[in-house]
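Working notes, structure below.
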Amino acid sequence: MTSAAHAFIVSPWTARIRIGAFNPAAEHDWPGRRTATLFLHGCPWRCAYCHNPELQSRSSMRLLSWEKIATELATHRHTIDGVVFSGGEPTADSCLPDAILAVKGMGFAVGLHTSGAYPERLEKVLPLLDWVGFDLKSDYDGYDTLTGAPGSAARATRSAQLIVASGVTHEFRLTWHHELLSEDAALLAAHFAQHLGAQRFVLQVFRPEGVTHPAIAAHSLPSADLVEQIRGLFTDFELRGELCGLAI
Ligand code: SF4
């Protein structure tokens, strides 16, 4: 084979997808369903409260093979109600559409966790999905500081619009941490979601598990007033997480 021919050889997606972790029995990744969840490497953002910072890089050498995942999914076929792609930011992996199609081909419903960092890629996979969990980060003005990524506000806004317009069942969730988000910003973000027509809104209490940022308080609870103001905006609202100490 000539060297020129070598230049056009592309390995199959099953060899290129970068799966960092797999949970065959997740209870909380898709509300109301028991799922298998795949965690893909790669995220262009750097939120201080990230639970999976080891998945932000695409360059990890510790990967799970697609063949192993497919075998695991077949094994758990009768005990799970769907498969969730999470991360990192799963749309960072160009193999995501192929992986979704493969999972659907096995008969599973498919959910996606996304920050909306890649709206063009999200738009392509939305027609394949049965559910989306969209991680809203802040109000527009606070986005780039929270994510550490210039331009993230515009990208997340576009993605949020695409999700609602798609008609795919979804929830918007906003993680509360008082050092990263003011109550005014949280309320503005919730108003944005309501204005768009988000079906369901979740205010997530910060959990420190997995967070490696050196200067972030381990505990942070929203005020009861903030919870009630956001609750009042949505017919489907959930306060998710540790409630100990929250005066509601
Ligand atoms: S967008 Fe998600 S995966 Fe990326 S840094 Fe933020 S919390 Fe972590």
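The values are calculated or read from the model by the stated rules, or taken from the named source; none is laboratory data. The model shown is predicted, which means the values in this text are computed figures rather than measured ones. When we count neighbours, we look across all protein chains shown, and the Cβ atoms used for this are built from the backbone with ideal geometry, even at glycine. Side chains included, ligands, DNA and RNA excluded: accessible areas come from the protein's heavy atoms. Shrake-Rupley method; radii C 1.70, N 1.55, O 1.52, S 1.80 Å.
So the values come out like this:
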{"quantity": "Complete set of residues in segment 28-43 that are part of a strand (DSSP E or B) and under 22 Å from E54 (Cβ atoms)", "calculated": "H28, D29, T35, A36, T37, L38, F39, L40"}
{"quantity": "Check on S94, modelled with pLDDT under 95 and open to solvent by 30 Å² or more (accessible area, probe 1.4 Å)", "calculated": "no"}
{"quantity": "Counted residues, segment 55-68 - those being crowded, with 16+ Cβ neighbours inside 10 Å and out of contact with any helix residue (DSSP H, G or I) (no Cβ under 8 Å at 6 or more places or on another chain)", "calculated": "3"}
{"quantity": "Residue check for T71: without any contact (Cβ under 8 Å) to a residue 24 or more places away in the chain and surrounded by fewer than 17 Cβ atoms within 10 Å (Cβ to Cβ)", "calculated": "yes"}
{"quantity": "Subset of segment 21-32 [more than 16 Å from the chain's Cα centre (by Cα) and open to solvent by 50 Å² or more (accessible area, probe 1.4 Å)]", "calculated": "G32"}
{"quantity": "Hey, V110 touching a Gly at 6+ places or on another chain (Cβ under 6 Å), touching a residue at least 24 places away in the same chain (Cβ under 8 Å) and either more than 13 Å from the ligand (Cβ to nearest atom) or not charged (D, E, K, R) (or both) or not", "calculated": "no"}
{"quantity": "Residue that is nearest to T157 (Cα to Cα) [pool: residues in segment 113-130 that are more than 16 Å from the ligand (Cβ to nearest atom) and surrounded by 15 or more Cβ atoms within 10 Å (Cβ to Cβ)]", "calculated": "E123"}
{"quantity": "A48 being within 16 Å of the ligand (Cβ to nearest atom), open to solvent by 30 Å² or more (accessible area, probe 1.4 Å) and under 20 Å from the mean Cα position of the chain (by Cα)", "calculated": "no"}
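Residues checked against (1) closer than 20 Å to F237 by Cβ; (2) free of Cβ contacts under 8 Å to residues at least 60 places away in the same chain; (3) over 13 Å from the mean Cα position of the chain (by Cα):
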| site | (1), (2), (3) |
| --- | --- |
| C95 | no, no, yes |
| E120 | no, yes, yes |
| G133 | yes, no, no |
| K137 | yes, no, no |
| P150 | no, yes, yes |
| R158 | no, yes, yes |
| L162 | no, yes, yes |
| V168 | yes, yes, yes |
